[in-house]
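Take a look at the structure below.
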Amino acid sequence: IAPTDVQVGTVADFPEGEIRPATLPDGTVVAIYNVDGTLYGTADLCSHGEASLSEEGILTGTTVECPWHFGTFDVTDGRATGMPCTVPLKTYTVKIANGNVYVESR
Ligand code: FES
């Protein structure tokens, strides 16, 4: 854990198979995905429109589907994997230490 890492909760706040929002000190909202116990982070807003992926996204495996126009992204690397989404999502490294969850801030 680096001094710049931001604690965003405990592991209990991020249940398996679910998406939760976390707000960084600068106001940026990160969508955090729990895929089989591994946490991944991406920008919360869909790159196609203004949909909040943590509020409205549907997580299936490592794919999040945006319900607005059914575009998809791979949450492990932010890649756009389904039209109409073509612009990748910014990704964030999420770390777990001593039961706490941290987002690497850059
Ligand atoms: Fe997400 Fe259009 S806003 S697919």
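The values are calculated or read from the model by the stated rules, or taken from the named source; none is laboratory data. This one's a predicted model, so the numbers in the text were calculated from it and none came from an experiment. Quick reminder, even Gly has a Cβ in these numbers, built from the backbone with ideal geometry, and neighbours come from all protein chains shown. Remember, those area values only see protein heavy atoms, side chains included, never the ligands or the DNA or RNA. Shrake-Rupley method; radii C 1.70, N 1.55, O 1.52, S 1.80 Å.
Identify the GluC sites (Glu not before Pro) of region 1-74 meeting these criteria: DSSP loop state and at most 15 other C-beta atoms within 10 Å of the C-beta. Filter output for region 1-74: Glu16, Glu18, Glu50. Two numbers describe the Cα atoms of the chain: Rg and Dmax, which are 12.9, 40 Å. Taking chymotrypsin sites (Phe, Trp or Tyr not before Pro) across region 23-106, the ones in a DSSP loop with at most 13 further Cβ atoms lying within 10 angstrom of their Cβ are Phe70.
Among the protein heavy atoms of region 6-103, carbon and sulfur supply 50% of the accessible surface, probe 1.4 Å, non-protein parts ignored. Compared with the alpha-carbon gap, the fully stretched path from Asn98 to Glu50 is longer by 13.8 nm at 0.36 nm per residue.
In this structure the amide hydrogen of Val8, modeled in the peptide plane, comes within under 5 Å of the amide hydrogens of Val101, Tyr102, Val103, none closer than 5 places in sequence on its chain. The mean accessible area for residues of the chain, using a 1.4 Å probe and ignoring ligands and nucleic acids, is 52 Å² per residue.
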